[in-house]
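Here's the structure, in structure tokens; my notes come after.
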Amino acid sequence: MKTNNKISRTFLGFLMASILIWFLITLSKEYIITISFPIDYTGISKDKILQTTPEKELDIVVKASGFKILKTRLNTKQITINAAKLNSKKGATYFVLPRTQKTSLQKQLPSGLVLQEIIKDTLYLDLGNLVTKKVAIKPNVNIKYHVGYDVSGDIKIKPDSILVYGPENYISTLKNVEMKPLVLSDLKTDFEENVALKMPKDIKNLKFNKQEVTVTGKVEKFTEGTLIVPYKIINVPKNLKINTLSKKVSIVFIVGLSHFNKITANSFQVVCNYNTSQKNNLNYLVPKVISKPDLIKSYKIIPNKIDFLIEK
């Protein structure tokens, strides 16, 4: 049994040595083979931009020893295609001829690889004019306030617009850029939040001069107030006299607590347009506020219908 084990080990040793020698002899020989190299396009004019992804790899027939081929396949380096001088085909389609850059490509190949042939004779590039456009920011704000609180004034977004750079055919269709959602709840204090912008999904190769905006707002407690305000009746024919039971209406309004004392009856102007009642066959007048302070959040008029009598 010991003799058989020694024979088996000796045989395996010779077999492994034979395989190694064969492998080394095989790798030392020269071969002609096709290798795919990743492409990096350089020299594209600054006023142009790629609208679609171009060819990513270039197949090159090379002559080299097995050692060099194996090493290259294990670590395939990127090659550069100079796109500074392009030929125009049609519209936004341009092309470059790799064979005209054979000398440059040979220099980029790993040492020991000799370029024999470039399989693809033409590489196409879809280039658009690079343009700039000022685009408004589209708010995406969802805020819930604590009971009795609300925002005082407008929610501000800074900047309210940004510069967008990209292909002309895409930029021309872009109307606005949307914020990522801003969600706040149970709010009763002023806020300032930095919010990122959303990149449009259906448009590629865009760049923004700003990646986020700042959203701010002043929050305060609101209260309800009521004022008695006189109204005017307008557009009454000269041969008519309109009488109403009351000459005033009540305005119930909501305003920030800090501004409550600034609101007076003179802050409102209310009119009843007789023409409106006539055109709509109404037997009453409709009071309407034509002037109010910006400070108030909302309001309602009581009553919203005023009965009248006509004296001829």
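The values are calculated or read from the model by the stated rules, or taken from the named source; none is laboratory data. What you see is a predicted model; the values in this text were computed from it and never measured. Ideal geometry is used to build each Cβ from the backbone, glycine not excepted, and the neighbour counts take in all protein chains shown.
Below, the figures for the structure above:
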quantity	calculated
Residues being outside any strand (DSSP E or B), closer than 19 Å to LYS288 by Cα and not hydroxyl-bearing (Ser, Thr, Tyr) - total across segment 234-273	8
Every pair of residues 6+ apart whose Cβ atoms lie under 6 Å, when the first sits in segment 89-100 and is among the hydrophobic types (A, V, I, L, M, F, W, C) while the second is in a strand (DSSP E or B)	ALA92/ASP126; ALA92/LEU127; ALA92/GLY128; PHE95/ASN87; PHE95/LYS89; PHE95/TYR124; VAL96/LEU123
Residue selected from segment 70-98 under the condition out of contact with any helix residue (DSSP H, G or I) (no Cβ under 8 Å at 6 or more places or on another chain) and of a type in the set (A, V, I, L, M), by the criterion surrounded by the fewest Cβ atoms within 10 Å (Cβ to Cβ)	LEU74
Qualifying residue in segment 149-161 (condition: in contact with a Phe, Trp or Tyr (Cβ under 8 Å, 6 or more places away or on another chain) and either acidic (Asp, Glu) or free of Cβ contacts under 8 Å to residues at least 40 places away in the same chain (or both))	yes
Residues located in segment 41-78, provided they are among the charged types (D, E, K, R), more than 26 Å from the chain's Cα centre (by Cα) and assigned to a strand (DSSP E or B)	GLU57, ASP59, LYS63
The lone exception for ASN176 - which of (1) modelled with pLDDT of 95 or more; (2) touching a Lys or Arg at 6+ places or on another chain (Cβ under 7 Å); (3) of a type in the set (S, T, N, Q) it fails	(1)
Filtered residues of segment 25-69 (kept if touching a residue at least 40 places away in the same chain (Cβ under 8 Å), hydroxyl-bearing (Ser, Thr, Tyr), touching a helix residue (DSSP H, G or I) at 6+ places or on another chain (Cβ under 8 Å) and within 23 Å of ILE119 (Cα to Cα))	SER65
Close pairs from segment 240-261: first touching a residue at least 12 places away in the same chain (Cβ under 8 Å), partner among the basic types (Lys, Arg), Cβ under 7 Å, at least 6 apart	LEU240/LYS312; VAL252/LYS300; ILE254/LYS297; VAL255/LYS297; LEU257/LYS221
Those residues of segment 283-302 which are exposed (fewer than 12 other Cβ atoms within 10 Å of the Cβ) and at pLDDT below 95, in sequence order	ASN283, ASP294, SER298
Where a residue in segment 292-304 is of a type in the set (D, E, K, R) and its partner, wherever it lies, is surrounded by 11 or more Cβ atoms within 10 Å (Cβ to Cβ), with Cβ under 7 Å and at least six apart	LYS292/SER267; LYS292/PHE268; LYS292/TYR299; LYS297/ASP150; LYS297/PHE222; LYS297/ILE254; LYS297/VAL255; LYS300/VAL252
Options LEU109, LEU113, LEU105, LEU130; residue that is at pLDDT below 90 and more than 22 Å from THR52 (Cβ to Cβ)	LEU113
Verdict on THR10 being in a loop (DSSP other than H, G, I, E, B), out of contact with any helix residue (DSSP H, G or I) (no Cβ under 8 Å at 6 or more places or on another chain) and either modelled with pLDDT of 85 or more or not aliphatic (A, V, I, L, M) (or both)	no
Residues satisfying the stated conditions in segment 103-116, i.e. surrounded by fewer than 14 Cβ atoms within 10 Å (Cβ to Cβ) and not small (Gly, Ala, Ser)	THR103, GLN106, LYS107, VAL114, GLN116
